[in-house]
Structure formats: structure tokens, C-alpha cells
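Student: Sharing a structure, written as C-alpha cells. Questions coming.
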Amino acid sequence: MIPYSDFLFFLITAIALLPTIILGFLGKSSRKYNLFITVVMLALIFGLDMGNYTINWKATISILLFTLFQVLLIKGYHSYRKNKNHTAVFVIGVLLAILPLVLVKVLPFFNLHIFGFLGISYITFRAVQMIMETRDGMMKKDIPITELVYFLLFFPTVSSGPIDRWKRFDRDFKKVPTKEEYRELVYKGINKIFLGFLYKFILAFLLYNKILVFLPDRTYGVLDSFGGHLAYMYVYSLYLFFDFAGYSCFAIGVSYLMGIRTPKNFNLPFISRNIKEFWERWHMSLSFWFRDYVYMRFVFWMMKNRWIKNRYTVSYIGYFLLFLLMGAWHGLELHYIVYGLYQALLIICFDVFERWNKKKKFWKNNKWTHAISVFITFNFVCFGFYIFSGALF
Amino acid sequence: MDKEKVIQIIADVCEDDVVLEERDLDLFQEGLLDSFGTINLLVAFEDELGINVPITVFNREEWNTPNNIVMQLEELA
Amino acid sequence: MKKVTFVPLFVAVALFLVFLFFPNKWLEKMISDEQVDAAKTEMNPLVYQGKYMQSRMLQQDNMMPILGSSELVRFDPFHPYNYAKATDAPYDTYLVGRGGMQSLVHFLNIVEQKKNLKDKKVVFIVSPQWFVKEGLDEFHFSPNYSMLQSYDLAFNKEIDSEIKKRGMKRLLTFDTVKRDTVLRTMYEYELSNHKKYPIVGKIAMAVGSMTRSIQHKKDLYYSLFIGHNPRNLKADDTLVKGLTFEQQLANAEEFGKPRVNNEYSIKTSYYDKKVKPNLQELKGYKKDEEYTNSPEYADLKLVMDAFKDVGAKPMFVSIPMNGKWYDYAEFDKERRDDYYAKMNKFLRESGYAYVDMSQHENENYMFTDTLHIGWKGWVYMDHAMDDFWNHNR
């Protein structure tokens with residue numbers, strides 16, 4: 001069963017969350033109950049084959065083994081890190097954590113479909129984060145297994161994020177909200193969920209079914225080939241936003257009802273003034289993950305070792321690494337890789353311009369330049385999604 | 001730990017002397033510091049102060065102003 | 001902190017419930033006869049995909065609907081609707097058809113109107129272009145498919161079980177249907193004689209029955225907005241009223257002459273815009289097509305069987321291809337004759353009334369573009385309809 005895809009899922013979730021909400025309004029802890037419904041919901045999400053209403057053993061066993069593997073890895077590294085701190089062990093730990101994901105992405109190219117399930121990448125992102133933060137000495141205290149598994153497999157966000165941070169999650173998990181706090185959580189949560197309905201089931205649905213299906217080249221002569229592709233570029237970009245932002249709203253809204261303030265994933269991305277700002281507003285939890293755990297680490301490591309003199313060169317290599325990885329993560333098809341390269345180039349060109357402009361003061365800051373910047377950024381972004389869509393090649 | 005030295009390092013990395021005056025300025029919101037600047041800052045702390053700040057420890061909520069950075073460094077050192 | 005209030009939520013739920021439980025009878029009273037009249041020619045998909053409007057039309061005296069596809073939108077003074085009005089024909093008609101509405105789409109509509117179609121005469125226009133090798137594809141099916149009618153099919157106890165199952169089986173080959181978990185489950189449940197998923201099937205039927213009543217409500221709400229945008233019917237009574245068949249044919253020819261600037265009998269506006277600029281590429285563009293081997297034949301058989309089951313008296317009109325244009329497209333005469341022969345046999349063996357217009361394929365002003373009949377084509381059909389109405393009355 002795919003989360004948030006149909007009415008049935010919402011109905012089941014609503015029924016499952018009823019006791020949580022009642023406990024919350026009474027100011028009581030619903031932690032144990034939430035753990036219980038997470039198990040039930042995970043069983044539905046992973047274990048139920050909606051094709052013929054049987055148990056999907058392959059997915060069930062895959063997810064169980066995968067989780068066990070990640071938990072052992074995290075716990076193992078955590079206890080190792082208490083006394084020692086070799087870089088090699090850390091690197092091996094990270095590589096092991098991403099190994100299953102890499103296999104899932106690569107094996108199909110050799111016609112091997114051994115395992116793979118919904119949400120494997122998002123669980124991996126959380127696991128890698130645990131190892132990285134352990135390495136940084138952020139995990140002073142013990143990591144309780146139940147909480148770790150709950151964090152990795154928290155059902156509202158298990159399939160496609162947003163990617164929460166342990167420290168933040170842990171704080172919400174430990175704290176029982178007061179009646180007043182919980183009222184506000186429910187208020188915000190329900191708001192989010194209804195915003196999600198608007199985004200995903202109304203706007204994205206209409207954009208897709210009323211416009212996108214006829215693009216780029218089935219316009220019955222209304223648009224010529226170029227016009228069709230141009231329209232496709234913009235409509236696809238908007239569709240992508242409303243569909244995914246809508247999904248994220250559901251995930252955040254349901255998290256709120258369960259007392260977890262999952263971070264937001266989108267913050268009006270299309271009003272960004274430049275591409276850097278865009279990546280701070282679009283799929284934020286993912287881009288922050290890549291920023292913190294790929295780009296910053298890489299740049300820091302390169303600078304510390306002083307292998308390359310020019311700091312900006314290091315930064316640019318870092319951007320290429322970040323966006324190539326992000327592109328490859330979407331899939332190993334050519335258009336995703338090109339999409340990654342395109343984004344890296346955009347951000348580097350902007351960085352060069354920004355530094356040049358700081359000295360020359362060519363592009364002043366007023367409401368006109370602001371509007372023009374937003375317009376230009378929007379178009380570059382849409383062209384990026386056009387590459388991403390695969391319609392170009 | 002030399003507080004003024006820390007502030008000077010921040011000002012150097014941000015390439016802006018406003019940091020020396022306004023010590024409660026949010027460096028990220030003002031656009032003075034980004035992820036690249038953060039790295040430069042961490043490298044500088046390590047080189048010039050001998051304090052090792054892991055990347056994940058340096059979060060944008062608690063290390064956002066010159067004064068906060070000084071405070072956090074004092075806790076670490 | 002924002003003020004937390006749940007009043008808007010309760011108001012929204014209350015309003016929604018009012019909408020949901022607003023009595024159907026009251027809604028029906030709000031739909032005027034003028035709206036129903038206008039809906040006959042509004043060419044509104046909400047009429048085709050709905051139930052209520054058509055049932056009101058069918059309950060009128062002497063109603064003989066025309067089911068077809070995109071040709072029906074091409075109004076001119078000889079269009080059957082205009083003709084029937086101008087000549088005070090003893091029957092009235094309404095139109096169901098737009099691009100992509102092929103046999104299977106009409107099948108759903110026919111069984112939906114089972115009660116109202118009993119002993120009714122119906123005109124069914126068959127287009128050769130439906131009979132491509134792949135038959136009806138997802139792209140043409142999906143925008144024309146009616147959720148209401150397909151849900152009703154699962155609960156339709158009045159039509160013959162074998163026909164119903166054949167329809168379901170065919171519908172299940174489309175993604176639009178497969179994606180709808182409830183609908184798919186209900187169909188599979190029925191197809192397996194309630195053996196497959198005995199429990200889930202019952203649940204699906206219960207959920208489906210609710211969905212169905214919401215769909216009916218929706219049909220009524222939509223019907224409130226139908227019939228307010230009358231089409232320009234381009235009627236001109238003087239060209240048909242009180243004239244003989246020969247005079248009308250001559251008028252149609254006179255009418256078409258100034259409107260055509262080419263040897264293919266294609267309307268000038270259409271020719272200059274769509275054909276002339278691409279004339280080179282269009283040469284021989286149908287040289288590999290043939291219309292004698294297509295799943296559409298089985299779909300048409302389904303329509304014929306459905307007509308029999310509901311007790312309607314249909315007349316099938318077999319539209320020819322635009323001979324001159326098809327020569328240019330290199331869909332040669334031999335293959336065209338193969339189709340005409342096969343269709344003629346198919347219609348003859350059905351035992352229903354039918355009109356074969358294939359002998360007119362090379363006549364000027366028979367078509368208005370590369371495939372749609374008009375002008376003289378309509379005059380032939382008008383008289384076929386008159387004959388059909390007066391015959392064995």
C-alpha cells in the first residue's frame with residue numbers, strides 16, 4: 001500500500017490516530033500507542049500487496065533484514081566510537097550503510113531484481129546520518145534500539161521523507177506535549193493535511209490530467225512542437241511541486257498529530273532569487289542532507305588536507321559531487337545525471353557571479369532587480385525540471 | 001580563549017567588518033555566512049585556535065551570531 | 001502563538017455533510033427543461049459521463065439519440081440536429097460523442113441507461129479510424145471514461161451477466177481502471193463469481209456502493225451547470241426545409257463549394273492550417289495502416305449485445321474514409337474495400353438496421369476534413385434517420 005495515495009490510506013490512518021489524538025488532548029503520553037500503530041501501518045505499507053490482497057513476503061523480509069542490518073551497523077559503530085575513532089572504520093561504516101541502496105540502484109542494470117522496496121533511500125539517509133553524527137561525537141548518550149527503529153521507520157515519513165534529524169526527533173520523542181501544545185500541533189497538522197489535499201489531489205491532479213497528458217506533443221494542433229515542449233516544461237515543474245509538496249504536507253501533518261515536528265520540505269521554492277536560495281527552499285530536507293553530509297564534509301576534508309590550493313575550486317568540486325550524487329540517486333539514467341551536472345553548473349556560475357558582483361556592485365538590490373532575479377531563477381529551475389522529466393532525451 | 005580573536009576570524013571569513021560591531025547579527029540570515037563560509041570558519045578555528053568543531057555540531061540554530069559562536073566555542077574548548 | 005481554534009474545521013465538515021446529504025429530489029427540481037434542451041447539443045462531456053441529464057432526455061417523447069464521436073461536433077445546416085428541427089421531423093435527437101469516444105465508452109453509457117433505452121431507437125455512428133490495430137488506447141479512453149458509469153456497472157443486476165463480465169474484463173485492460181483499487185477489486189470479485197477475495201471483495205463492494213452514491217450526487221451537482229453555454233449550431237432552415245432529397249443534396253454541394261479550395265474536399269480553413277504546411281510529410285502517412293484487424297470489433301460486438309440486452313433498436317451508420325485524401329495518404333482502395341466489406345458483413349450479421357455509406361467515399365463535399373463527414377455526408381445520414389424512424393414504426 002503506497003502511503004497517501006488513496007482515500008483508503010487516509011481512512012485507515014485517521015482511525016489509527018484517533019486514540020493518539022484523544023490521549024494528546026488529555027495531555028497524556030501516546031508514545032507506546034504510537035509505536036504500536038507504527039508497526040501496524042508499516043505492515044500495511046510494506047507487507048500488503050494491493051495487487052491481490054496477499055502478504056508481500058519479499059518486501060516484508062527485505063525491510064526486516066534491511067532494518068536489522070542498519071540497526072546493527074549503527075549500534076556497532078556507536079559502541080566502537082566510544083573508545084576509538086579511526087577514519088577507516090568510519091568510512092567502512094558509511095559505505096556499508098549505503099551499500100544496499102547502491103545495489104538496488106545498480107543491480108537492475110544487470111537484470112537482477114533481488115530486493116528493493118519503497119523508502120529504501122530515505123531509511124538509508126537517516127542511517128548514514130546516525131553514523132556521521134556518531135563520528136562527530138554528537139551521540140554521547142546511548143541510542144535505545146526501539147527509538148532508533150522508530151526513527152528509521154517512522155511511518156508518516158518512511159516512504160519519501162522529509163528526512164528528520166535524530167537530535168530533533170529525539171527531543172520530540174522524549175517530550176510529552178501539554179494539552180495546549182498538543183492543541184496547536186493538531187491545529188497545524190490538520191492545516192498541513194488539508195493543504196496537502198489542495199496541492200496533491202486538486203492542483204497536481206488537475207495539472208496532470210487536464211494539461212500534462214496532452215503535452216508535449218498531443219495538443220491537437222493547439223501548440224506547435226516548440227510551444228508544446230515549452231508548456232510542458234512549465235506545467236511539469238508546477239506539477240512536480242504540487243505533487244511532492246502535497247505529499248510532504250501529509251507526511252508532516254500526520255507527524256504533528258503524533259507529536260513529532262517533522263521539518264518542512266518546501267518553502268515557496270518558486271520565489272527564490274537565485275539558485276542557491278532555491279536549494280534552500282526546494283526539497284529542503286534532502287538538499288540539507290546532501291549539504292551537511294556530502295558537500296560540507298568533502299570541502300572540509302579537502303581543505304584540511306590542503307590538496308588543492310584554491311578554496312573555490314574545492315567548493316566547486318564539492319558542488320559537482322553533491323549534484324552528481326543527487327542526480328544518480330534519482331536514477332542512473334542519462335537525464336538524471338545531466339540534471340545533476342546542470343544544477344552544479346548553475347550554482348557554480350551563480351557563485352562566480354555573486355563574488356564578482358560583491359566587488360563591482362553591478363546588480364543592485366531593489367524591488368526591480370528582485371523581481372527580475374526571481375523570474376530568471378524560475379526559468380532556469382523549470383528548464384532543470386524539463387531535463388529531469390526525461391522529455392529532452 | 002581570546003574572544004576578540006574569534007570575532008576577528010568570523011569577520012575575516014565573512015569579509016565584512018559589520019561583524020565587529022554588531023555581535024548579535026544572524027550571520028546566515030544576513031547572507032554573510034553559507035555552507036562554504038562555515039567550512040572556512042571551522043578550518044580557521046582549527047588552525048588558529050586549535051579547537052576542533054565537528055560539522056554536525058555547528059548547527060545554524062545555535063551558532064548563528066558572533067556572540068553565540070563565542071559562547072558555543074567556550075563550551076567546547 | 002497563533003490562536004488555535006477548530007471552529008473553521010467543524011464548519012467545513014458541517015458544510016460538506018450538507019452537500020453530501022442534500023436530497024437528490026431537490027437537486028433534480030433545480031434543473032430546468034431549458035437546460036436539458038440546451039444540453040442536447042452542448043457537447044458537454046459531463047453529459048456523456050453522467051447519468052441524470054441523459055435520462056431526462058431519453059424520457060422525452062420521440063427521442064432518438066445519436067451516439068458517435070468527433071464528427072457530431074461539426075455543425076452545419078445539414079447536421080442531423082439542425083435537420084430534424086428545420087424539417088419538423090417526428091423525432092427529436094440528442095448528441096453523444098467527441099474524439100476518442102469509441103465502442104467501449106458507449107457500452108458503459110448504454111448499460112447505464114438500460115431502463116430508459118428500452119424500445120428506443122438509437123443511431124450509432126461507426127468510424128473506420130476506430131479500427132486501428134491497437135484499438136482504443138489509454139490516451140483516448142481515459143478522458144472519456146466515466147467513473148460513475150463504471151461503478152454502476154458493478155452494481156447493475158439488470159443486464160446479462162455474460163455481457164457484464166465481458167465488459168468488465170475489457171475495462172480491466174486499461175490503467176485508468178486498474179489504478180482504481182476499489183473498482184478493480186469489485187470487477188475481479190464479480191469476474192471470479194465471488195470466489196477471489198471473498199472478504200476483501202465484499203468490503204470493496206461496500207466502499208464502492210458509497211462511492212457510487214457520491215458519484216450520483218456529483219452528477220446532479222454538475223448537471224446544475226450544464227446547459228448554460230449553447231453552441232453555435234450554424235442552422236439555416238432554408239437549405240433543407242420543405243425540399244426534396246435531391247434539392248438538399250444540391251444545396252449541400254452549393255454550400256460546400258465556396259468553402260473548399262483543394263482536391264480532397266477538405267474545408268479551406270482546415271486545409272490551409274493543418275494540411276498544406278505539412279503536405280509533403282503527409283504523403284503516404286497511412287501506408288502501413290489497416291482497419292480489418294482490431295480489438296475494436298470485439299468492443300463493437302459488446303455494444304451490439306448491450307443494445308439487445310437493454311431492448312433498444314439501434315441503427316448503425318458506417319462512415320466511409322475520405323477516398324481522395326486516403327489515396328494521397330496511400331491507404332489504398334484495396335485496403336479500404338477490405339474494411340468496408342468486413343464492416344458490412346459485421347453489421348449485416350448483427351441483424352440490426354444499418355447504413356453503409358462506403359459508395360460515397362469519393363464524392364465531393366461529403367467530408368469537411370480528412371476524416372469527418374459533413375455537408376452531403378449529413379444529408380445522406382438525415383435521410384437514413386428519417387427512413388429508420390418511419391420504417392416498422
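Student: Every residue in the range A:258-284 that is open to solvent by 10 Å² or more (accessible area, probe 1.4 Å), part of a helix (DSSP H, G or I) and within 14 Å of another protein chain (Cβ to nearest Cβ), please.
Tutor: If the condition is that a residue be open to solvent by 10 Å² or more (accessible area, probe 1.4 Å), part of a helix (DSSP H, G or I) and within 14 Å of another protein chain (Cβ to nearest Cβ), then A:275, A:276, A:277, A:279, A:284 are the ones that fit.
Student: From the residues in the range A:172-229 that are in contact with a Gly (Cβ under 9 Å, 6 or more places away or on another chain) and among the aromatic types (Phe, Trp, Tyr), which one is least open to solvent (accessible area, probe 1.4 Å)?
Tutor: Per the stated criteria, the residue is A:182.
Student: Next question, about the same structure. I'm trying to understand the selection: among the residues of the range C:323-354, which are among the hydrophobic types (A, V, I, L, M, F, W, C) and crowded, with 20+ Cβ neighbours inside 10 Å?
Tutor: C:325, C:331, C:343, C:347
Student: Test of understanding: among A:393, A:380, A:362, which residue is modelled with pLDDT under 95 and either under 18 Å from residue A:291 (Cβ atoms) or touching a helix residue (DSSP H, G or I) at 6+ places or on another chain (Cβ under 7 Å) (or both)?
Tutor: Unique residue meeting the criteria: A:393.
Student: Mind checking which residues of the range C:202-232 are in contact (Cβ under 8 Å) with a residue 12 or more places away in the chain, polar (S, T, N, Q) and either touching a strand residue (DSSP E or B) at 6+ places or on another chain (Cβ under 7 Å) or open to solvent by 40 Å² or more (accessible area, probe 1.4 Å) (or both)?
Tutor: Those that are in contact (Cβ under 8 Å) with a residue 12 or more places away in the chain, polar (S, T, N, Q) and either touching a strand residue (DSSP E or B) at 6+ places or on another chain (Cβ under 7 Å) or open to solvent by 40 Å² or more (accessible area, probe 1.4 Å) (or both): C:209, C:229, C:232.
Student: Could you look through the range B:55-65, keep only residues that are surrounded by 18 or more Cβ atoms within 10 Å (Cβ to Cβ) and of a type in the set (A, V, I, L, M, F, W, C), and pick out the one that is farthest from the other protein chains (Cβ to nearest Cβ)?
Tutor: B:63
Student: Follow-up question, since we're still on this one. Where in the range A:1-84 are there helices (runs of 4 or more DSSP H), lying fully within it, with 1 or more residues that are open to solvent by 50 Å² or more (accessible area, probe 1.4 Å), within 14 Å of chain C (Cβ to nearest Cβ) and without any contact (Cβ under 8 Å) to a residue 24 or more places away in the chain?
Tutor: A:7-25
Student: Go through the residues of the range A:120-142 one by one and say whether even a single one is modelled with pLDDT of 90 or more and in contact with a His (Cβ under 6 Å, 6 or more places away or on another chain).
Tutor: Scanning the range A:120-142, I find at least one residue that is modelled with pLDDT of 90 or more and in contact with a His (Cβ under 6 Å, 6 or more places away or on another chain), so the answer is yes.
Student: Moving to a separate point now. Among the residues of the range A:85-117, what is the count of those that are in contact with a helix residue (DSSP H, G or I) (Cβ under 7 Å, 6 or more places away or on another chain) and either touching a residue at least 60 places away in the same chain (Cβ under 8 Å) or in a helix (DSSP H, G or I) (or both)?
Tutor: Summing the residues that are in contact with a helix residue (DSSP H, G or I) (Cβ under 7 Å, 6 or more places away or on another chain) and either touching a residue at least 60 places away in the same chain (Cβ under 8 Å) or in a helix (DSSP H, G or I) (or both) in the range A:85-117 gives 11.
Student: Please enumerate the residues belonging to the range C:147-180 that are touching a Phe, Trp or Tyr at 6+ places or on another chain (Cβ under 7 Å), open to solvent by 20 Å² or more (accessible area, probe 1.4 Å) and assigned to a helix (DSSP H, G or I).
Tutor: C:176
Student: Filter the range A:132-146 for residues that are of a type outside the set (A, V, I, L, M, F, W, C) and more than 11 Å from residue A:75 (Cα to Cα); which is nearest to the other protein chains (Cβ to nearest Cβ)?
Tutor: Looking at the filtered set, the residue picked out is A:136.
Student: Taking into account only those residues within the range B:28-54 that are over 19 Å from residue A:355 (Cβ atoms) and among the aliphatic types (A, V, I, L, M), which is nearest to the other protein chains (Cβ to nearest Cβ)?
Tutor: Applying the filter and picking the extreme gives B:42.
Student: Separate question: Go through the range C:260-300 and give me each residue that's touching a strand residue (DSSP E or B) at 6+ places or on another chain (Cβ under 9 Å) and among the hydroxyl-bearing types (Ser, Thr, Tyr).
Tutor: C:264, C:265, C:268, C:271
Student: For the range B:26-46, indicate whether the set of residues that are surrounded by fewer than 16 Cβ atoms within 10 Å (Cβ to Cβ), in a loop (DSSP other than H, G, I, E, B) and touching a Pro at 6+ places or on another chain (Cβ under 8 Å) is non-empty.
Tutor: No.
Student: Something else now. Consider residue C:161 against the criteria (1) farther than 17 Å from residue C:208 by Cα; (2) in contact (Cβ under 8 Å) with a residue 12 or more places away in the chain: it satisfies all of them except one. Which criterion is unmet?
Tutor: Single failed check for residue C:161: (2).
Student: OK, next. Any idea which of (1) away from every other protein chain (no Cβ under 11 Å); (2) open to solvent by 10 Å² or more (accessible area, probe 1.4 Å); (3) more than 20 Å from residue A:305 (Cα to Cα); (4) not small (Gly, Ala, Ser) is the one residue B:73 doesn't satisfy?
Tutor: (2)
Student: Another question, then. Only residues that are open to solvent by 40 Å² or more (accessible area, probe 1.4 Å) and outside any loop (DSSP other than H, G, I, E, B): list them for the range C:35-80, please.
Tutor: C:37, C:46, C:49, C:56, C:73, listed by residue number.
Student: Consider residue A:183 carefully, then state whether it is touching a residue at least 40 places away in the same chain (Cβ under 8 Å) and within 14 Å of chain C (Cβ to nearest Cβ).
Tutor: yes
Student: Okay, next question. Of all the helices (runs of 4 or more DSSP H) wholly in the range C:275-393, which have at least 3 residues that are under 24 Å from the mean Cα position of the chain (by Cα)?
Tutor: Because the criterion is at least 3 residues that are under 24 Å from the mean Cα position of the chain (by Cα), the helices (runs of 4 or more DSSP H) in the range C:275-393 that meet it are C:296-310, C:333-350, C:376-390.
The values are calculated or read from the model by the stated rules, or taken from the named source; none is laboratory data. Predicted model only: the values in this text are computed from it and were never measured. Here Cβ is always computed from backbone atoms with ideal geometry, including for glycine, and neighbour counts include all displayed protein chains. Calculation scope for accessible area: heavy atoms of the full protein, side chains included, ligands and nucleic acids excluded. Shrake-Rupley method; radii C 1.70, N 1.55, O 1.52, S 1.80 Å.
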